[in-house]
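S.K.: Starting off with a structure, shown below.
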Amino acid sequence: MNFDFKNKKVLMRVDFNVPLDKSFQITDDTRITAAIPTIQKVLEDGGSVILMSHLGRPQRKDGSMDRESNTLKHIIPHLSELLGQEVKFSEETVGEVAEKAAADLKPGEVLLLENTRFYPGEEKGDEDFSKQLAKLGDIYINDAFGTAHRAHASTTVVAKYFDKDAKGFGYLMSDEIENANKVLDNPARPLTAILGGAKVSDKILIIERMIDLVDNLIIGGAMAYTFFKAQGGKVGKSLVEEDRLDIAKELIEKAKSKGVQLLLPEDSIIADDFNKDANFKTAPSDDIPDGWMGLDIADKARTAFTEAIKNSKTILWNGPMGVFEMPNFANGTKAIAEAIAEATKNGSFSLVGGGDSVAAVNDLNLADEMSYVSTGGGAMLEFFEGKELPGIAAMKD
Ligand code: AMP
């Protein structure tokens, strides 16, 4: 961040969309802690910070707002504690109340604005709402990678109203982009992408792009069964997207023609029910008996995947290998996380992204063993699909 923030009011988009429990206590503060260095840099330079974020999906089906569950007031005590200072709050995000609170702010002070999504203009990327936000600060900083794929008012449109030299990325956003580019631009090889999770349809674009880039493509999770079925395998009642069988076949052909080693799980832990207490056993992934479903990768697959991972110099991981939320079906995901940790220890670069793989790595206490853990789920996926994220593009003009 090449700015001198002295005496400047910095309008900063952060991603404080953290999970809350029933009594509105924060259950995972990763996104808040990730934004702290940028806030602190402004304060240390002698500037003041006006924070804006969304929280949850406050708009009900009838158009009314669920303010109580989604007010950013829930965040204040923890944010104050992390910053070691009082955080002021404006009950309104734009308009007179917000403008007065911003005007009264002194160097070294922090103001948090109420949830941007309490205003329909936010998600519509409304020009007028964006202009009102822009009025509040001298400089616009975007440090919310998690929402960079949304062309919303506070993430994208607001940037229009700042000169090129009065807007920029915060540390988190810069780190995310830099680390993602380590995978995309001239990576150390072999490069391996590990993609898992539930739906092929969500991941087709990233799979296609990865086939152009990687040496090894590992596919696990429920997605794998669509690929087995596409090749004529028997997958029992495993999760399959029937309408994606053709594309799965095409992707297998594409990988072959590009010389990419496509690794599908040779065997699976199969269960007789989608239930944490279901009976389970091991079976070949393309020969699952009727009435059973694949819920995790089994030993042979773990060994093959682990081997490929340990021989890789650059590793990208998005999506769990099985239903890791249930202990009996979490071991495949665990084995992959451990293999990535070991490869990283031996000098490989590893990037983990996507809500569920990050949750798995955190559950296993392995986050510190990865080179980089992305804070972006959808944003990270779209970045790797090769799309230009609106929140990033907005800084260029
Ligand atoms: P995604 O959001 O697409 O990355 O998918 C993550 C979800 O996929 C997690 O909640 C996992 O429990 C689920 N998942 C992974 N493997 C399987 C599987 N074999 N069968 C059903 N669900 C799965």
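The values are calculated or read from the model by the stated rules, or taken from the named source; none is laboratory data. Predicted, not measured: the structure shown is a model, and the values here were computed from it. Glycine also receives a Cβ, built like all others from the backbone with ideal geometry; neighbour counts cover every protein chain displayed. We work out accessible area using only protein heavy atoms, side chains counted, and drop any ligands, DNA or RNA first. Shrake-Rupley method; radii C 1.70, N 1.55, O 1.52, S 1.80 Å.
S.K.: Take segment 322-339 and flag every residue that is closer than 26 Å to P187 by Cα and free of Cβ contacts under 8 Å to residues at least 60 places away in the same chain.
M.R.: K334, A335, A337, E338, A339 - these are the residues of segment 322-339 that are closer than 26 Å to P187 by Cα and free of Cβ contacts under 8 Å to residues at least 60 places away in the same chain.
S.K.: How many residues, within segment 144-167, are out of contact with any Asp or Glu (no Cβ under 7 Å at 6 or more places or on another chain) and of a type outside the set (G, A, S)? Spell out how you get there, then give the answer.
M.R.: Step one: filter segment 144-167 for residues out of contact with any Asp or Glu (no Cβ under 7 Å at 6 or more places or on another chain), giving 148, 150-151, 155-156, 158-165, 167.
Imposing the further condition that a residue be of a type outside the set (G, A, S) reduces the set to 150, 155-156, 158, 160-165, 167.
Counting residues in segment 144-167 that are out of contact with any Asp or Glu (no Cβ under 7 Å at 6 or more places or on another chain) and of a type outside the set (G, A, S) gives 11.
S.K.: Something else now. Quick check on my filter: what residues within segment 342-367 are open to solvent by 10 Å² or more (accessible area, probe 1.4 Å), part of a helix (DSSP H, G or I) and not acidic (D, E)?
M.R.: Hits for segment 342-367 are T344, K345, G355, V358, A359, N362, A367.
S.K.: Would you call A193 open to solvent by less than 50 Å² (accessible area, probe 1.4 Å), closer than 18 Å to K258 by Cα and among the small types (G, A, S)?
M.R.: On the way: open to solvent by less than 50 Å² (accessible area, probe 1.4 Å): yes; closer than 18 Å to K258 by Cα: yes; among the small types (G, A, S): yes.
Considered against the rule, which asks whether it is open to solvent by less than 50 Å² (accessible area, probe 1.4 Å), closer than 18 Å to K258 by Cα and among the small types (G, A, S), A193 comes out as yes.
S.K.: While we're looking at this one, here's another question. Looking for something more than 16 Å from the ligand (Cβ to nearest atom), not aromatic (F, W, Y) and not in a helix (DSSP H, G or I) - is there at least one such residue anywhere in segment 317-329?
M.R.: Looking only at segment 317-329, we keep the residues that are more than 16 Å from the ligand (Cβ to nearest atom), and these are none.
For segment 317-329, residues more than 16 Å from the ligand (Cβ to nearest atom), not aromatic (F, W, Y) and not in a helix (DSSP H, G or I): absent.
S.K.: Here's another thing I want to ask about it. Counting only residues that are out of contact with any Lys or Arg (no Cβ under 8 Å at 6 or more places or on another chain) and surrounded by 17 or more Cβ atoms within 10 Å (Cβ to Cβ), how many does segment 380-397 have?
M.R.: Going through segment 380-397 one residue at a time, the tally reaches 5.
S.K.: Of everything in segment 24-64, what is of a type outside the set (A, V, I, L, M, F, W, C), at pLDDT 95 or above and over 21 Å from the mean Cα position of the chain (by Cα)? Give them in sequence order.
M.R.: Matches in segment 24-64: Q25, Q40, K41, E44, D45, G46, G47, S48.
S.K.: Step by step: first the residues of segment 339-371, then only those that are in contact with a helix residue (DSSP H, G or I) (Cβ under 8 Å, 6 or more places away or on another chain) and charged (D, E, K, R), then the one that is nearest to the ligand (Cβ to nearest atom). Which residue is that?
M.R.: Selected residue: E369.
S.K.: Of D286, D267, which residue is crowded, with 16+ Cβ neighbours inside 10 Å, farther than 17 Å from A198 by Cβ, in contact (Cβ under 8 Å) with a residue 24 or more places away in the chain and out of contact with any Ser or Thr (no Cβ under 6 Å at 6 or more places or on another chain)?
M.R.: Numbers: D267 fails: out of contact with any Ser or Thr (no Cβ under 6 Å at 6 or more places or on another chain).
The match here is D286.
S.K.: Shifting gears a bit: Among the numbered criteria (1) buried (at least 22 other Cβ atoms within 10 Å of the Cβ); (2) more than 13 Å from the ligand (Cβ to nearest atom), which one does L295 miss?
M.R.: All conditions are met except number (2).
S.K.: Please go through segment 127-149 and give me each residue that is over 17 Å from L172 (Cα atoms) and either assigned to a loop (DSSP other than H, G, I, E, B) or of a type in the set (D, E, K, R) (or both), ordered by number.
M.R.: E127, D128, K131, K135, L136, G137, D138
S.K.: Out of segment 272-298, which residues are within 14 Å of T333 (Cβ to Cβ) and among the charged types (D, E, K, R)?
M.R.: First, pick out the residues of segment 272-298 that are within 14 Å of T333 (Cβ to Cβ): 294-298.
The one that is within 14 Å of T333 (Cβ to Cβ) and among the charged types (D, E, K, R): D296.
S.K.: Scan segment 367-396 and report the pairs whose first residue is on the phi > 0 side of the Ramachandran plot and whose second residue is open to solvent by 20 Å² or more (accessible area, probe 1.4 Å), with Cβ atoms within less than 7 Å and a gap of 6+ or a chain change.
M.R.: G386/R209
S.K.: Mind checking whether some residue in segment 299-313 is crowded, with 23+ Cβ neighbours inside 10 Å, of a type in the set (S, T, N, Q) and within 16 Å of the ligand (Cβ to nearest atom)? Break it down into steps so the answer makes sense when it comes.
M.R.: Applying the first criterion (crowded, with 23+ Cβ neighbours inside 10 Å) to segment 299-313 yields 301-302, 305, 309, 312.
After this cut, where a residue has to be of a type in the set (S, T, N, Q) as well, the list is 312.
Keeping just the survivors that are within 16 Å of the ligand (Cβ to nearest atom) gives none.
The answer is no, given that none of the residues of segment 299-313 is crowded, with 23+ Cβ neighbours inside 10 Å, of a type in the set (S, T, N, Q) and within 16 Å of the ligand (Cβ to nearest atom).
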